[in-house]
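Bear in mind that the values in this text are calculations on the coordinates, not laboratory data. Because the structure is a prediction, the values reported are computed rather than measured. In this analysis, Cβ positions are derived from the backbone assuming ideal geometry, glycine residues included, and neighbour counts consider all displayed protein chains.
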Amino acid sequence: MTEELQAFRPQLAQIVAVIHQATALIAVLSFAGYGLAVWLWFSAQPWLGLGIATVSYLFFRLYPLLSIQWARWRLADDEMARRAFAALEKAWEKRSRRTVLMEVDAWLRQTSENDG
């Protein structure tokens, strides 16, 4: 965890919370799509079911990118959040998004346990 990222603790907490919400929503929608696909498959419309299952799978595969973009969109009006995203992007240049976000999440949990 870099000092630059640590300076944005409240904003990073917001960003991580929005990313978790978006990921949960994407997972629910994807699995609802799978359920609809199964129902269509057994309702004598297998090709439509297969198409919906494929779209649901592709949607689920894009969840890392979609959840980050959703967080960026939701927090676009907050100048400090934009600065936090800029610091995250610098960290992403050196390491993967997943690794950086896991470190940020672990750091936020650790600091919240120490505070509380």
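Is it the case that some residue within segment 9-19 is within 15 Å of the chain's Cα centre (by Cα) and small (Gly, Ala, Ser)? So far as segment 9-19 goes, yes, one or more of its residues are within 15 Å of the chain's Cα centre (by Cα) and small (Gly, Ala, Ser).
Picking from residues in segment 91-116 that are of a type in the set (Gly, Ala, Ser) and more than 19 Å from residue 23 (Cα to Cα), the one that is farthest from the chain's Cα centre (by Cα) is 116. For segment 56-65, how many residues are exposed (fewer than 13 other Cβ atoms within 10 Å of the Cβ) and either touching a Gly at 6+ places or on another chain (Cβ under 8 Å) or not aliphatic (A, V, I, L, M) (or both)? Here the count works out to 1. Taking segment 55-110 as the range and being among the basic types (Lys, Arg) and without any contact (Cβ under 8 Å) to a residue 12 or more places away in the chain as the test, the residues that pass are 61, 82, 94, 95, 109.
Within the group 112, 96, which residue is among the polar types (S, T, N, Q) and over 19 Å from residue 7 (Cα atoms)? One residue alone meets the criteria, 96.
When segment 66-85 is limited to residues that are among the small types (Gly, Ala, Ser) and within 13 Å of the chain's Cα centre (by Cα), the one that is nearest to residue 22 (Cα to Cα) turns out to be 67.
Per this entry, residue 88 is counted among residues that are under 17 Å from the mean Cα position of the chain (by Cα) and buried (at least 16 other Cβ atoms within 10 Å of the Cβ).
Could you please give the count of residues in segment 38-58 that are in contact with a Leu (Cβ under 7 Å, 6 or more places away or on another chain) and hydrophobic (A, V, I, L, M, F, W, C)?
Going through segment 38-58 one residue at a time, the tally reaches 3.
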